Amino acid sequence: MSSSLQPQIRPNIEFWQERKDLAAAFRWTARLGMHEAVANHFSLAVNEEGTRFLMNPNQVHFSRIRASELLLLDANDPECAAGPNAPDPTAWGLHGAVHRLCRHARCVMHVHSIHATVLASLADSTLPPIDQNSAMFFRRTVVDECYGGLAFEEEGERCANLLENPMHKVMIMGNHGILVIGSSVADTFNRMYHFERACETYIRALQTGRKLRLLSDEIAGKTAAEVEQYPELADRHLAELKAILDEEGSNYAT
């Protein structure tokens, strides 16, 4: 696509800003090594009911995803799961169920990032508040203890039901990975990034074999609330990542 054509084409693509944000999140997730080959998936609701959503095309590497190539799907239309341009079946099963059943989950990101998946592999998969990052998630996670195989529709609905409480922003999928929800791409990506960082700190602390320094419930809860209210933190994080991609000449926004 020539640069001279882009200004004319972009306004004609539905949900262009949302597409750019989501494409940038895919690119940066790959750069951080938090993706799983050509699996894993992100989605973003684009209607008030939350049932129409953007999603990555089937088995395209995160580092190559472009805004214009994102699929626009309807969680209430099973025909979306068929045909040559259908999403990955597990992506449809998991994300379709979440967008049908959890209206508050505007954006959904599922990854098998290393340290979060290590946490999901432990008999006790809770994340204790041992630093500022981990305190962000105090009483804001839910652990799925009943992994049932690949996330086809029945498994996807079971997982979606675990997110009924809007306070739970991260599902630690036991024996699997994590699923993170939020109000926007920026909000969800920022949460996913910091959860992986918190898990890395926790796993490395465990490796020392020494006693952990736990924050009190009072301070952990206070910290979580303060981070949630911190002005523009998530939006600025994503804006800076897009600025870096733009400076590098990335084609994510095409």
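Just a few scattered comments:
- Condition check for GLU200: in contact with a Gly (Cβ under 8 Å, 6 or more places away or on another chain), in contact (Cβ under 8 Å) with a residue 60 or more places away in the chain and either surrounded by fewer than 22 Cβ atoms within 10 Å (Cβ to Cβ) or closer than 25 Å to HIS41 by Cα (or both): no
- Boolean, ILE219 is modelled with pLDDT of 95 or more, more than 23 Å from the chain's Cα centre (by Cα), surrounded by fewer than 15 Cβ atoms within 10 Å (Cβ to Cβ) and of a type in the set (Val, Ile, Thr): yes
- Test: residue in the range 80-90 that is touching a residue at least 24 places away in the same chain (Cβ under 8 Å), more than 23 Å from ASP187 (Cβ to Cβ) and among the acidic types (Asp, Glu): yes
- Helices (runs of 4 or more DSSP H) enclosed by the range 108-216 - at least 1 residues per element that are at pLDDT below 95: 153-161
- Checking GLU240 against (1) among the charged types (D, E, K, R); (2) touching a helix residue (DSSP H, G or I) at 6+ places or on another chain (Cβ under 7 Å); (3) closer than 17 Å to THR29 by Cβ; (4) surrounded by fewer than 16 Cβ atoms within 10 Å (Cβ to Cβ), the condition it does not meet: (2)
- Put simply, of ARG140, ARG100, ARG106 the only residue that is among the basic types (Lys, Arg) and under 30 Å from LYS211 (Cβ atoms) is ARG140.
- Residues of the range 138-158 that are hydrophobic (A, V, I, L, M, F, W, C) and in contact with a helix residue (DSSP H, G or I) (Cβ under 6 Å, 6 or more places away or on another chain): PHE138, LEU150, ALA151, PHE152.
- Residue in the range 53-107 that is surrounded by the fewest Cβ atoms within 10 Å (Cβ to Cβ), counting only those that are aliphatic (A, V, I, L, M), outside any loop (DSSP other than H, G, I, E, B) and in contact with a strand residue (DSSP E or B) (Cβ under 8 Å, 6 or more places away or on another chain): LEU72
The values are calculated or read from the model by the stated rules, or taken from the named source; none is laboratory data. Source: prediction; values computed, not measured. As a convention, Cβ positions derive from the backbone with ideal geometry for all residues, glycine included, and neighbour counts pool all protein chains shown.
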